[in-house]
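The values are calculated or read from the model by the stated rules, or taken from the named source; none is laboratory data. Only a predicted model underlies this, so the values are computations on that prediction, with no experimental measurement involved. Note that we place each Cβ from the backbone using ideal geometry, even for glycine, and neighbour counts take in every protein chain shown. With ligands, DNA and RNA removed, areas are computed over all heavy atoms of the protein, side chains included. Shrake-Rupley method; radii C 1.70, N 1.55, O 1.52, S 1.80 Å.
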Amino acid sequence: MVEDELALFDKSINEFWNKFKSTVSDTSCQMVGLRETYKDSIKAFAEKLSVKLKEEERMVEMFLEYQNQICRQNKLIQEKKENLLKLIAEVKDKKQEVEALTANIQDLKEEYARKKETISTANKANEERLKRLQKSADLYKDRLGLEIRKIYGDKLQFIFTDIDPKHPDRPFMFSLCLNEARDYEVSDCAPRLECLAEFQEKVEK
């Protein structure tokens, strides 16, 4: 009976050992499978991570390039702005020059109009004086036989041929010119006058 119990115990131990070996073998296979699965997962994760990092690097490069483009565009815009401000300043300067020139032209026009009016008034006055002088010259010519000649040295010679009733053909003459002081100067009197200074003063008047 003890032998039967020992045989039964030995059988139970053998069964347990076989089950244990089978369990350990299955567990080992499962561990190997898990390890391979883990390796594959790590490898796939590493590949995905590598791809992700490369994409992020490209994104960073694109961002930096975009940032550089923005800097270049801002610099170009600033240069154009400065050039535009210079152009506006030049236009303002030109506008001020044109305004000053226009004002100057207007002043010249007004001055020309005043001078034209002055000249016109002077011409009218001269015409009146010439008329009076011509009338006087005609009167002197008719009454006193006056004749006026231009002689050397820009002088005018006045000749009277009808002053002396007793000798109507006897000439009386003198020359008249302007000296450096722009005063009238009498010379070459015939017959000679004793009161030349008084006569010159009357001519000057």
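Ignoring ligands, DNA and RNA, what percent of the 1.4 Å accessible area of the range 46-108 is carbon and sulfur? Intermediate results must be reported in sequence, preceding the final value.
Values: 3670 of 6060 Å².
Its accessible area is 61 percent carbon and sulfur atoms.
Both radii were evaluated on the Cα set of the range 83-176; the Rg over Rh quotient, with Rh as the Kirkwood radius, amounts to 1.56. Compared with the dominant Cα axis of the chain, that is its longest principal axis, helix 2-144 is turned about 0°. Over the chain, accessible surface divided per residue gives 91 Å², non-protein components excluded, 1.4 Å probe.
With θ taken as phi - 60° and the Karplus curve 6.51 cos²θ - 1.76 cosθ + 1.60 applied, the whole-hertz 3J(HN,Hα) list for the range 147-161 is 9, 10, 10, 9, 10, 4, x, 6, 9, 10, 9, 9, 10, 10, 10 Hz, x standing for glycine and proline. Excluding residues on the same chain fewer than 8 positions from K92, give the lysines whose Cα lies under 20 Å from its Cα. Correct list for K92: K80, K81. Taking a quarter of the surface of the Cα convex hull of the range 68-112 gives a mean projected area of 2.5 nm². For the pairs K94/K115; K131/K205; K86/K109; K115/K150, flag any whose C-alpha to C-alpha distance is greater than 25 Å. Pairs exceeding 25 Å: K94/K115; K86/K109; K115/K150.
For the pair L85 and F63, what calculated FRET efficiency results from E = 1/(1 + (r/R0)^6), where r is the Cβ-Cβ distance and R0 = 41 Å, to the nearest 0.05? Spell out each step's value before the answer.
On the way: r = 32 Å, r/R0 = 0.79.
Efficiency, rounded to the nearest 0.05: 0.80.
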